[in-house]
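What follows is a set of notes on a single structure, which appears directly below.
The values are calculated or read from the model by the stated rules, or taken from the named source; none is laboratory data. Owing to the predicted nature of the structure, the values given are computational and were not obtained by experimental measurement. For neighbour counting, all protein chains shown are included, and Cβ atoms are generated from backbone atoms with ideal geometry for every residue, glycine included. Remember, those area values only see protein heavy atoms, side chains included, never the ligands or the DNA or RNA. Shrake-Rupley method; radii C 1.70, N 1.55, O 1.52, S 1.80 Å.
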Amino acid sequence: MAKQADLVLVAPATANIVGKLAGGIADDMLSTTVMACTCRILVAPAMNHNMYHNPIVQDNLQKLARFGYQIIPPEHGMLANGDMGDGKLPPEETLVEYVLQELAHEKDLQGRKILVTAGATQEAIDPVRYITNHSTGKMGYALARQAARRGAEVTLVTGPTSLEQPMFAEVVPVVTAGDMYREVLARAAEADIIIKAAAVADYRPAETAEDKIKKSAGDASIALERTRDILGELGSRKARGELGAFLCGFSMETRDLEENSRAKLKKKNLDMVAANSLRVEGAGFGTDTNVITLITDSEVRCLPKMAKEEAADKILDAILAQAGAYGA
């Protein structure tokens, strides 16, 4: 078993097995097998609150971590003895995410820093209302998740969304286009690859009312002003030699997809545009699938409808395929 294993997950890991592994004791099947393994080992401690916080147990966990074991932190909640405290085994979905993080992909992005944006921004009209769009963030979140599984150090700058945050990425929540501009530009210089999948508002109300705007008998209008162009600023910095990252933008179109996306590629000095059309079945907002066309200076590649996780991998593959496209 030890020779065949690609990964070992010990869950739940009691104080007893944690102590055995830390002490190199192999006196039953589990401890003997783990001691003979050369693969990655994940340990998910689960036990009584006081037992978990016992300094001896904590010392054993720290010792395992020093030797390369991955410790999955327990949760706070109702324990087997009826107490509330630390030591609750994380749900199966969390454990599966740790397994997938280790095994789902070759680590071909190891050592790379990737900055991803996702979701829609919200531009306030008054304390009650705002301007936004239909983006749910699913594509950007898929990109962040798949990049992390491929070994990248991922930062996800995200507008408001109901999605579960990727476990193995640094998540930076924002609300407005201005917020996203500041957070992205503050981190851009450190990135090897920047993927702008967010649907950022092009306009915002010129003035935001301090109180709720009351309904009146007549019609109403809202004066709008341009927001700052995040992707345009990144492209300008790249053109001036101030930014070395590979730049991939997204283009959601309703007509003339290739023509409009090529214009965006050139105008904003991008390395790639991932374009999709709202008119194509399976490529709209909020879906679990996408239909992507990858556009560079030298190539147009049309992908079939596929799950957004698969589309994210295809985009990352295309970025990696361009020699010298990202920082050394």
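Restricting attention to region 148-157, which residues are small (Gly, Ala, Ser) and buried (at least 19 other Cβ atoms within 10 Å of the Cβ)?
Within region 148-157, the first condition is being small (Gly, Ala, Ser), and the residues that meet it are 148, 151-152.
Those that are small (Gly, Ala, Ser) and buried (at least 19 other Cβ atoms within 10 Å of the Cβ): 148, 152.
Yes or no: region 19-33 includes at least one residue that is open to solvent by less than 50 Å² (accessible area, probe 1.4 Å), within 32 Å of the chain's Cα centre (by Cα) and either farther than 26 Å from residue 168 by Cα or hydrophobic (A, V, I, L, M, F, W, C) (or both).
No, that holds for no residue.
Regarding residue 192, is this residue surrounded by fewer than 22 Cβ atoms within 10 Å (Cβ to Cβ), touching a strand residue (DSSP E or B) at 6+ places or on another chain (Cβ under 7 Å) and acidic (Asp, Glu)? Working first, answer last.
Details: surrounded by fewer than 22 Cβ atoms within 10 Å (Cβ to Cβ): yes; touching a strand residue (DSSP E or B) at 6+ places or on another chain (Cβ under 7 Å): yes; acidic (Asp, Glu): yes.
Yes.
Of all residues in region 121-147 being buried (at least 24 other Cβ atoms within 10 Å of the Cβ) and aliphatic (A, V, I, L, M), which is nearest to the chain's Cα centre (by Cα)?
It comes out as 144.
So if I check each of 98, 141, 52, which one is modelled with pLDDT of 95 or more, out of contact with any Pro (no Cβ under 8 Å at 6 or more places or on another chain), over 16 Å from residue 193 (Cβ atoms) and aromatic (Phe, Trp, Tyr)? Before the answer, list the steps.
Working: 141 fails: out of contact with any Pro (no Cβ under 8 Å at 6 or more places or on another chain); 52 fails: out of contact with any Pro (no Cβ under 8 Å at 6 or more places or on another chain).
That would be 98, the only listed residue that is modelled with pLDDT of 95 or more, out of contact with any Pro (no Cβ under 8 Å at 6 or more places or on another chain), over 16 Å from residue 193 (Cβ atoms) and aromatic (Phe, Trp, Tyr).
For region 100-157, which residues satisfy the criterion of being in a loop (DSSP other than H, G, I, E, B) and among the hydroxyl-bearing types (Ser, Thr, Tyr)?
Let us first name the residues in region 100-157 that are in a loop (DSSP other than H, G, I, E, B), namely 104-112, 119, 121-122, 125-129, 132-137, 150-152.
121, 132, 135, 136, listed by residue number.
Step by step: first the residues of region 170-202, then only those that are in a loop (DSSP other than H, G, I, E, B) and among the charged types (D, E, K, R), then the one that is farthest from residue 237 (Cα to Cα). Which residue is that? Before you say what the answer is, go through the steps one by one.
Going residue by residue through region 170-202, those that are in a loop (DSSP other than H, G, I, E, B) are 174-176, 191-192, 197-198, 200-202.
Remaining after also requiring among the charged types (D, E, K, R): 192, 202.
Details: 192: 14, 202: 20 Å.
Residue satisfying both the conditions and the ranking: 202.
For region 158-169, what are the residues that are assigned to a strand (DSSP E or B) and open to solvent by 10 Å² or more (accessible area, probe 1.4 Å)?
Going through region 158-169, the residues assigned to a strand (DSSP E or B) turn out to be 158.
Matches in region 158-169: none.
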